[in-house]
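Shown next, in structure tokens, is the structure this report addresses.
Here, each number is a calculation from the coordinates, and none is a lab measurement. All of these numbers come straight from a predicted model, not from anything done at the bench. Quick reminder, even Gly has a Cβ in these numbers, built from the backbone with ideal geometry, and neighbours come from all protein chains shown.
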Amino acid sequence: CNPAVCAPIAEDDKRALVDAVETFIFDCDGVIWKGDSLIEGVPETIAMLRDMGKRLIFVTNNSTKSRAGYLKKFLDLGLEITADEVFSSSFAAAAYLDSIDFPRDKKVYVVGETGILGASSSSHWPPYDRELDGVGIQHLGGESDGDKKVTLASGQLMEHDPDVAAVIVGFDRNVNYYKIQYATLCIRENPGCKFIATNMDAVTHLTDAQEWAGNGSMVGAIKGSTKREPFVVGKPAPFMLDYIANKFGIKKNQICMVGDRLDTDIMFGIDGGLRTLLVLSGVTSETELQSESNSIHPDHYTSKLADLLTVKK
Ligand code: PLP
Ligand code: CA
């Protein structure tokens, strides 16, 4: 096999890695949990790294929940984390528009679920449950267009709000032709309209039984109809890493990215100049990692996050 990924990380290299880095960025699905189940040994590993004084950050490409939604998920799984430690691609879409001073008299059309809008009445962490609302950006679409149908009578036009100056496309289990046409009109009729993708994951693992069409399919629909390329905020694009590094003032060579997926997590780490650790507790198998056709090589790999527990002094 390729020498870079021939064998799991050795004990000495584990210790050297943990000693060398100040911050761990963990991908969520496949590293911390699988679906709704906690992965074995995660609470103990997180506790150990905290005791060692490491900064821990959790990053997910899944845009269906707001940061508050993820906080609740962590707490429900018995993991104590703080609101400032979690970053989702739903948050990143709002943070990106905020960073470019998106005009507050304009609006965003959303293809996606509640995480992007963030409107939830039951949040324990209101500032983290209002991603677009939280940065004062008006929005339409999302879940409220989930049941809409297009009427195709002769001469019929579909109207759209001319104040829409950005379209965000995130994972949407109620995507329909109305939303695709609305988003297409917004982008096509206003050349300045921003086109933002939360992530481009080709497949996602809604259940263990098979791979499901990921957000790449929803973004692909709008790319196809508009011939425009989206600005991507999720992994492997650098937006979230730059945001995190700036926010906490962390040097990138002091960060280790831990993820289960080569084309998102490990690419994100490699492109960003981070150290990278692949875990096999998610979607990548050892055979896939070591195959001739794979060119994405993490610095190290191991079976699961809890393998780090052996560095405990
Ligand atoms: N997008 C969706 C819709 C998902 O369900 C998932 C995983 O559950 C992801 C993206 C990937 O999430 P992560 O970046 O935490 O692995
Ligand atoms: Ca993952």
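Quick one: net charge around Ser66, please, counting Lys, Arg +1 and Asp, Glu -1 for every other residue with C-beta under 12 Å from its C-beta.
On the way: positive: Lys65, Arg67, Lys72, Lys73, Arg130; negative: Glu113, Asp129, Glu131, Asp133.
Computed value for this residue: +1.
For Glu159, Glu288, which order do you get if you count the other beta carbons within 10 Å of each Cβ and list the fewest first? Before the final figure, lay out each step's value.
Working: Glu159 7, Glu288 12.
Ranked by crowding around the Cβ, least crowded first: Glu159, Glu288.
Can you tell me the orientation of helix 215-226 relative to the chain, as the angle in degrees between its alpha-carbon axis and the longest Cα principal axis, to the nearest 10?
So the helix axis and the longest Cα principal axis differ by about 40 degrees.
Using the Kirkwood radius over C-alpha pairs as Rh, can you work out the diffusion coefficient of the chain via Stokes-Einstein at 10 °C, viscosity 1.306 mPa s, in µm² per second?
Details: Rh = 20.3 Å.
Value of D from the Cα-based Kirkwood radius: 78 µm²/s.
Kindly work out what percent of the DSSP beta bridges joining two residues of the stretch 14-136 are antiparallel, to the nearest 5.
Of the beta bridges lying entirely in the stretch 14-136, close to 20 percent run antiparallel.
Fewest to most neighbouring Cβ within 10 Å: what's the order for Val219, Val169?
Fewest-to-most Cβ neighbours within 10 Å comes out as Val219, Val169.
Per residue of the chain, what 222 nm ellipticity follows from adding -39500 (n - 2.57) for every DSSP H run with n ≥ 4, rounded to the nearest 500?
It comes out at -8500 deg cm²/dmol, rounded to the nearest 500.
For Ala166, what residues show an amide H to amide H distance below 5 Å, using hydrogens built from the backbone and excluding near sequence neighbours?
Correct list: Lys107, Tyr109, Lys194.
If you keep only loop residues by DSSP, which GluC sites (Glu not before Pro) in the stretch 1-50 have at most 16 other Cβ atoms within 10 Å of their Cβ?
Of the GluC sites (Glu not before Pro), the ones in loops of the stretch 1-50 whose Cβ has at most 16 other Cβ atoms within 10 Å are Glu22, Glu40.
Which order results if Tyr177, Tyr96, Tyr243 are arranged by neighbouring Cβ count within 10 Å, fewest first? Each step should come with its number before you reach the end.
Values: Tyr177 12, Tyr96 23, Tyr243 17.
Starting with the residue having the fewest Cβ neighbours, the order is Tyr177, Tyr243, Tyr96.
Among rounded, prolate and oblate, which fits the stretch 4-147 when a ≥ b ≥ c are the square roots of the eigenvalues of its C-alpha gyration tensor, a/c under 1.5 means rounded, and a/b larger than b/c means prolate?
prolate
Can you classify the stretch 217-279 as rounded, prolate or oblate using the Cα gyration tensor, where a ≥ b ≥ c are the square roots of its eigenvalues, rounded means a/c under 1.5, and otherwise it's prolate if a/b beats b/c and oblate if not?
oblate
Strictly over 30 Å apart at the Cα level, which of Lys149/Lys223; Lys149/Lys194; Lys73/Lys149; Lys106/Lys251 would you flag in this model?
Lys73/Lys149; Lys106/Lys251
If you take every DSSP beta bridge whose two residues both sit in the chain, what share of them, in percent to the nearest 5, is antiparallel?
The answer is about 10 percent antiparallel.
Using θ = phi - 60° and the Karplus curve 6.51 cos²θ - 1.76 cosθ + 1.60, what whole-Hz ³J(HN,Hα) does each residue of the stretch 107-112 get, with Gly and Pro shown as x?
In residue order, the calculated couplings are 10, 10, 9, 10, 9, x Hz.
Between rounded, prolate and oblate, where does the stretch 140-216 land on the alpha carbon gyration tensor, with a ≥ b ≥ c its root eigenvalues, rounded for a/c under 1.5, else prolate if a/b exceeds b/c?
oblate
So between Glu143 and Glu189, what do we pick up on full extension, going 0.36 nm a residue minus the alpha carbon distance?
14.2 nm
So what's the angle, to the nearest 10 degrees on a 0 to 90 scale, between helix 42-51 and the longest Cα principal axis of the chain?
Helix 42-51 and the main axis of the chain meet at about 70 degrees.
Kindly write out, for the stretch 308-313 in residue order, the coupling ³J(HN,Hα) from the Karplus curve 6.51 cos²θ - 1.76 cosθ + 1.60 (θ = phi - 60°), rounded to whole Hz, with x marking Gly and Pro.
With the stated coefficients, the stretch 308-313 comes to 6, 4, 6, 7, 4, 8 Hz.
Nearest 10 degrees is fine. How inclined is helix 239-248 to the longest principal axis of the chain, computing both from alpha carbons?
The helix 239-248 is inclined about 60 degrees to the chain.
Using all C-alpha to C-alpha distances in the stretch 127-286, build P(r) with 10 Å bins and read off the rounded percent in each one.
P(r) over the stretch 127-286, rounded to whole percents: 9, 30, 33, 20, 6, 1, 0.
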